[in-house]
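Beneath this line is the structure, given in structure tokens, with notes to follow.
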Amino acid sequence: VNLDSVIRYKTTKDFEHSTLNNIVTFIEDSLSSKPTIENSANELSKSFSIAILLISLFTFLGWYFYLKDFENALINSISVIIIACPCALALATPMASLIGISQLAKKKLLFKESKYLETMSKATTVVFDKTGTLTNGKLKVVNEPIKLNNKDELNLIYNLCDSTTHPISNAVKNYIEEKTTISQIELTNFETIAGKGIKANYKNQNIIAGNILLMKENNIKIDIQSNMSIFSVAINNKIVAVYELEDTIKDDALETINYIKNQGLKIIMLTGDNENVAKKITNEIDIENFEANLTPIDKANYLKKLKANNEIIVMVGDGINDAPALAIADISVVMGNGADVSIGLSDIVILDNKLQGLVDSFVISKRTYKFIKQNLTISLIYNIITIPLAVFGYVIPLVAALSMSLSSLLVVGN
């Protein structure tokens, strides 16, 4: 993933490397992976099988030596083996996981591994990025505190913004395109400063564009106070333009936040934007905890602190700028729009880019984990009741076979 420079290319690719094939592989991998509880159940099944063979042996010896009855000893020992049902234990988790993953896929949610169903149901903290996650990521320039009319310099800013895919740069680029005629120029020494802005050179001009923090780090004087996102541009260390941008909150953001709160989870918003913008957003969607002016590395360090306090973290972000934080979270959720890069970086991809997908992820994960525990309970209760009956001779092999099948059907049916 290239973050620091511009690469221009034209490419074609075969189906094996296409987005669609990645999605198919994603789902296949999720169905073949195992949650922790399934591994535990499989280990239990192994021990269970050995225990049943031993119980069957002691049942035979008990009936044969103490009651001198070889036929009953043989029938009862066989009944113990037949009625015992490790297969119900082994079916309990994969059946529920299969249904859960399938339901999620229908709702345009891709889980990289089925184990994330279990982790999701145990989460304690949800961390949100702001731009493109809680907001639509479609910013618009609404004001110019410092207005630039020089066409050559506007063209320079346009080409600088055209060299990155960040939502703020795209908004400024579109705004300039509406105002003046632009032409392609070749910038040199292009550099992205994660979470802050961009730098480049053009002939003898040094251009720095980004937030106020980037300007201060480069000793460029700027005095702007705003509750909007700020994009400032300096040429040869002098501010030539400042743009104020505004984003809209996603329609389902407040509903999603309320659902997560009702589940008793802690919610935190982390953003690289200024504190005024962060306050405005969090007030509108009722988030109490937030941190502003953070770089991607700052976000990652913040998550490390949370993990040190034994929090189980779900991080929801855009998949690129938040890559370090997403890597640290227990579960990384990317608002994907089906992009290849999102599929590669995340544990869960929300293909339709709607926050409702996060709610569905929690709902289905919790339900799936609940049914896994129910299935294991059904299987264990069945064995606890039926095995003693077989040991004491109350069950013939035919009834044992029917009963064993019934327990498996009960788990599958549930």
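The values are calculated or read from the model by the stated rules, or taken from the named source; none is laboratory data. Just so it is clear, the structure is predicted and the values come from calculations on it, not from any experiment. Positions of Cβ are backbone-derived with ideal geometry, glycine not excepted, and every protein chain shown enters the neighbour counts. Side chains included, ligands, DNA and RNA excluded: accessible areas come from the protein's heavy atoms. Shrake-Rupley method; radii C 1.70, N 1.55, O 1.52, S 1.80 Å.
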Legend entry - Accessible area in square angstrom per residue, the stretch 188-347, 1.4 angstrom probe: 44
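Compute the Rg to Rh ratio over the chain from the alpha carbon atoms, using the Kirkwood formula for Rh, and round to two decimal places. Before the final figure, lay out the partial values.
Numbers: Rg = 29.8 Å, Rh = 25.1 Å.
When Rh is taken as the Kirkwood radius, the ratio is 1.19.
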Inset, instruction - With a 1.4 Å probe and all protein chains in place, put V314, V142 in order of accessible area, largest first. - result: V142, V314
Legend entry - Extension gain (nm, one decimal) between E246 and D152, 0.36 nm per residue minus Cα-Cα: 31.2 nm
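Step through the table entries K173/K238; K13/K138; K115/K370; K196/K279, compare each Cα-Cα distance with 22 Å, and write down the pairs that go over it. Let's see the in-between values first.
Numbers: K173/K238 20 Å; K13/K138 29 Å; K115/K370 14 Å; K196/K279 19 Å.
In this structure, K13/K138 exceed 22 Å between Cα atoms.
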Inset, instruction - Could you tell me which of I257, F371, I7 has its Cα farthest along the dipole of the chain towards the positive end, charges placed at Cβ (Lys, Arg +1; Asp, Glu -1), taken about the Cα centre? - result: F371
Legend entry - Dipole magnitude (debye, nearest 20) for the stretch 96-157, charges at Cβ of Lys, Arg, Asp, Glu: 340
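When you have a sec, figure out the Kirkwood radius of the stretch 108-178 from all distinct Cα pair distances and drop it here in Å to one decimal? Could the numbers behind the result be given before it?
On the way: mean 1/r = 0.0643 Å⁻¹.
It works out to 15.5 Å.
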Inset, instruction - Would you mind checking the tilt of helix 70-83 against the longest principal axis of the Cα atoms of the chain, expressed as 0 to 90 degrees and rounded to 10? - result: 10
Legend entry - P(r), alpha carbons of the stretch 211-341 - 10 Å bins starting at zero, rounded %: 11, 35, 35, 16, 3, 0
Legend entry - For E177, solvent-accessible area (1.4 Å; no DNA, RNA or ligand), Å²: 90
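Between K370 and N310, what is the FRET efficiency for a Förster distance of 25 Å, r being their Cβ-Cβ separation, to the nearest 0.05? Let's see the in-between values first.
Working: r = 23 Å, r/R0 = 0.92.
In this case the efficiency is close to 0.60.
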Inset, instruction - Consider all pairwise Cα distances in the stretch 363-414 and report the whole-number % of them above 14 Å. - result: 59
Inset, instruction - Any chance you could give the angle, 0 to 90 degrees and rounded to 10, that helix 151-161 forms with the longest Cα principal axis of the chain? - result: 10
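Where both partners of a DSSP beta bridge lie in the chain, what percent of those bridges are antiparallel, to the nearest 5?
Numbers: 29 of 48 bridges.
If we restrict to bridges inside the chain, about 60 percent are antiparallel.
In debye to the nearest 20, how big a dipole does the stretch 128-277 give about its Cα centre with +1 on each Lys and Arg Cβ and -1 on each Asp and Glu Cβ?
Numbers: 16 positive and 19 negative charges, 56 e Å.
Computed charge dipole of the stretch 128-277: roughly 260 debye.
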Legend entry - Apportionment of accessible area to carbon and sulfur, the chain, percent (1.4 Å): 55
Inset, instruction - Compute, for K307, the solvent-accessible surface of its heavy atoms (probe 1.4 Å) with the complete set of protein chains present, and express it in square angstrom to the nearest 10. - result: 80
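Tell me what the chain gives for mean residue ellipticity at 222 nm when only DSSP H runs of n ≥ 4 count, each as -39,500 (n - 2.57), the sum divided by the residue total, rounded to 500 deg cm²/dmol.
Values: 15 runs with 211 residues, N = 414.
Calculated mean residue ellipticity at 222 nm is -16500 deg cm²/dmol.
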Legend entry - Rounded D (µm²/s) - the stretch 80-134, Kirkwood Rh over Cα pairs, Stokes-Einstein at 37 °C, 0.692 mPa s: 233
Inset, instruction - With θ set to phi - 60°, apply the Karplus curve 6.51 cos²θ - 1.76 cosθ + 1.60 along the stretch 291-305 and write out the HN-Hα couplings as whole Hz, x wherever there is a Gly or Pro. - result: 9, 10, 6, 9, 7, x, 5, 4, 4, 4, 5, 5, 5, 4, 5
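Once Rh for the stretch 294-414 is found with the Kirkwood sum over Cα pairs, what is the Stokes-Einstein diffusion coefficient at 20 °C and 1.002 mPa s, in µm²/s? Show your work: numbers first, answer last.
Details: Rh = 17.9 Å.
Once the numbers are plugged in, D ends up at 120 µm²/s.
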Inset, instruction - Decide, for the stretch 55-210, between rounded, prolate and oblate: order the square roots of the alpha carbon gyration tensor eigenvalues as a ≥ b ≥ c, take rounded if a/c falls under 1.5, and otherwise choose prolate if a/b is larger than b/c, else oblate. - result: prolate
Legend entry - Length gained when the stretch I220-I185 is fully extended (0.36 nm per residue, less Cα-Cα span): 10.1 nm
Inset, instruction - Enter the Cα centre distance for the pair the stretch 288-338 and the stretch 234-254, rounded to the nearest angstrom. - result: 22
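How much accessible area per residue does the stretch 55-173 have, counting only protein heavy atoms and a probe of 1.4 Å, in square angstrom? The partial results should precede the final answer.
Values: 5230 Å² over 119 residues.
On a per-residue basis, 44 Å².
As an exercise, use a Förster radius of 35 Å and the Cβ-Cβ distance of E288 and N201 to find the FRET efficiency, rounded to the nearest 0.05. It would help to have the intermediate numbers written out before the result.
On the way: r = 44 Å, r/R0 = 1.25.
The value I calculate is 0.20.
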Inset, instruction - Report, in degrees rounded to the nearest 10, the 0 to 90 angle that the Cα long axis of helix 19-32 makes with the longest principal axis of the chain. - result: 30
Legend entry - Nearest-20 debye value, the chain charge dipole, Cβ charges on Lys, Arg, Asp, Glu: 340
